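The next block holds one structure in the form of structure tokens; read it before the comments.
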Amino acid sequence: MKNALKQLFIFSIGLISACTNNSTNEKRTVTEQEDEITNEIEVTQAQYEAGKMNMITPKLVSFYEHIKTTGIVDVPPQYKASISTFYAGYVSNLKLLEGQYVRKGTVLFLLQNPEFIEMQQAYLEAKEQLAYLQNNYERQEQLANENIASKKNFLKAKSEFGVTNTRYKALQKKLMLIGINTSTLSSSNLRTNIEILAPIAGYITEIEISPGKILNPNDVALKIVNTEHLHAEIMVFEQDITKVKEGQRIDYTFVGHANRASGNVHLVSHVVSEGKSVVNVHGHIDRMKELEGLYPGMFVEAKITTKTQQLLGIPETCVVDLNGKSYILVKQKNTKKGYILRKREVVIAKKTDGFLYVEGVKAEDLILQNGVYDLAM
């Protein structure tokens, strides 16, 4: 009797459970059907034309991965010049202004020093002595070979000639370093000053001297920068540097400037800057002659393209954001009056140049491009 009651109790529980599950499944099915009906939108042909709507299919688009960073506009070292001198002197005939353009070989200023006259005097004296000593050396060599004179006189003449010849050539080099042409130098045209010439063409960026000031060899008189070959010095964080390779495209935006430009990675440093955790990247800038108003030291934002993928993409206008979620409208079927569209939630995975790559979109999908927001609402 007890076993019969126990079995009856278990059967009753199972029956109640089955009824409950059937009821739940029915509720779920109804809810899903209601959601499907809610997500379906009917558009008449008249609405479609009045709203200037159109449908597109996804197409292959190049999606890029970028590293965004910053840097400055700069010039290569060979296009910068710091002007100094080998010897001290008084500055004169300085007529330059910062920002002024100078050509290579332009006289920047004059430098006066009595030592310049003494150097020229010593050179001319050594030149005269050298002619006499050379004749004496050659004569003593001939006499020694013929055993007419002693070897001692020959060796003395040889030594005097060698010492003076070395001194003569050293003075010649010194005068050439300060810009004095020794081939035309004579006692009648001794120079009281020397000309300091521009070693490169470019713009005067700094002037540290004035007329009458003494310029010492360790002092920088002025600086010249040639801006014909600007480039970008970019700082990339060390965790991203392994993605950067030579030849990759760079897009530049110059802060506070209307000009935009592109270029490529030319060199990647192999040293992490101490205390900054960044690696310097040298970037070329294309079509420099078309860019105006760029100067060394100007701040630049750079976007380095590190990877490219060909993926199915749709225009940004196909996607609408509602309550923090993204949706597209996909054509389901045609009707007598127009079309049935279905609102489909999507996840945006990549974005580039006005196109989106969204997960789950197929090549054959017909997706509404214009008027999406009004219909989705």
Kindly evaluate Ser159 against the criterion of being of a type outside the set (Lys, Arg) and assigned to a strand (DSSP E or B). no
Consider Ile214 against the criteria (1) within 30 Å of Val91 (Cα to Cα); (2) buried (at least 19 other Cβ atoms within 10 Å of the Cβ); (3) among the β-branched types (Val, Ile, Thr): it satisfies all of them except one. Which criterion is unmet? (2)
Restricting to region 274-292, give me the number of residues that are surrounded by 15 or more Cβ atoms within 10 Å (Cβ to Cβ) and under 21 Å from Val244 (Cα atoms). 8
Please find, within region 35-53, the residue that is nearest to the chain's Cα centre (by Cα) out of those that are loosely packed, with under 13 Cβ neighbours inside 10 Å and not acidic (Asp, Glu). Lys52
Do we have any residue at all in region 168-179 that's among the aromatic types (Phe, Trp, Tyr), farther than 30 Å from Lys95 by Cα and more than 55 Å from the chain's Cα centre (by Cα)? no
Farther than 25 Å from Glu246 by Cβ, among the small types (Gly, Ala, Ser) and surrounded by 12 or more Cβ atoms within 10 Å (Cβ to Cβ) - does that describe any residue in region 293-312? no
Which of the residues belonging to region 143-169 are within 21 Å of Leu130 (Cβ to Cβ) and among the hydrophobic types (A, V, I, L, M, F, W, C)? Leu143, Ala144, Phe154, Leu155, Ala157, Phe161, Val163
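Looking at region 263-273, which of the residues that are in a strand (DSSP E or B) and exposed (fewer than 14 other Cβ atoms within 10 Å of the Cβ) is modelled with the highest pLDDT?
That would be Leu267.
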Could we say that Tyr101 is among the hydroxyl-bearing types (Ser, Thr, Tyr) and touching a helix residue (DSSP H, G or I) at 6+ places or on another chain (Cβ under 6 Å) here? no
Working only within region 246-256, note down all residues that are surrounded by 18 or more Cβ atoms within 10 Å (Cβ to Cβ) and either in contact with a Leu (Cβ under 7 Å, 6 or more places away or on another chain) or of a type in the set (D, E, K, R) (or both). Phe254
For region 101-111, does any single residue satisfy the condition of being over 30 Å from Met298 (Cβ atoms), touching a residue at least 12 places away in the same chain (Cβ under 8 Å) and not aliphatic (A, V, I, L, M)? no
Please go through (1) loosely packed, with under 14 Cβ neighbours inside 10 Å; (2) closer than 30 Å to Arg287 by Cα; (3) not assigned by TED's automatic domain parsing to the domain that holds His284 for Phe237 and return the number of the only condition it doesn't satisfy. (3)
Give, as residue ranges, the strands (runs of 3 or more DSSP E) completely inside region 54-133 that count at least 2 residues that are β-branched (Val, Ile, Thr) and surrounded by 14 or more Cβ atoms within 10 Å (Cβ to Cβ). 59-74
Has region 159-173 got any residue that is surrounded by fewer than 18 Cβ atoms within 10 Å (Cβ to Cβ), at pLDDT 90 or above and under 23 Å from Leu215 (Cβ atoms)? yes
Answer yes or no: is there a residue in region 200-215 that is polar (S, T, N, Q), part of a strand (DSSP E or B) and at pLDDT below 95. yes
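Results for (1) among the aliphatic types (A, V, I, L, M); (2) within 28 Å of Pro296 (Cβ to Cβ), shown as yes or no for each residue.
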site: Ala170; (1), (2): yes, no
site: Thr182; (1), (2): no, no
site: Leu185; (1), (2): yes, no
site: Thr192; (1), (2): no, no
site: Glu195; (1), (2): no, yes
site: Pro199; (1), (2): no, yes
site: Ile204; (1), (2): yes, yes
site: Pro217; (1), (2): no, yes
site: Leu222; (1), (2): yes, yes
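The values are calculated or read from the model by the stated rules, or taken from the named source; none is laboratory data. Being a predicted model, the structure only gives us computed values, none of them experimental. As a convention, Cβ positions derive from the backbone with ideal geometry for all residues, glycine included, and neighbour counts pool all protein chains shown.
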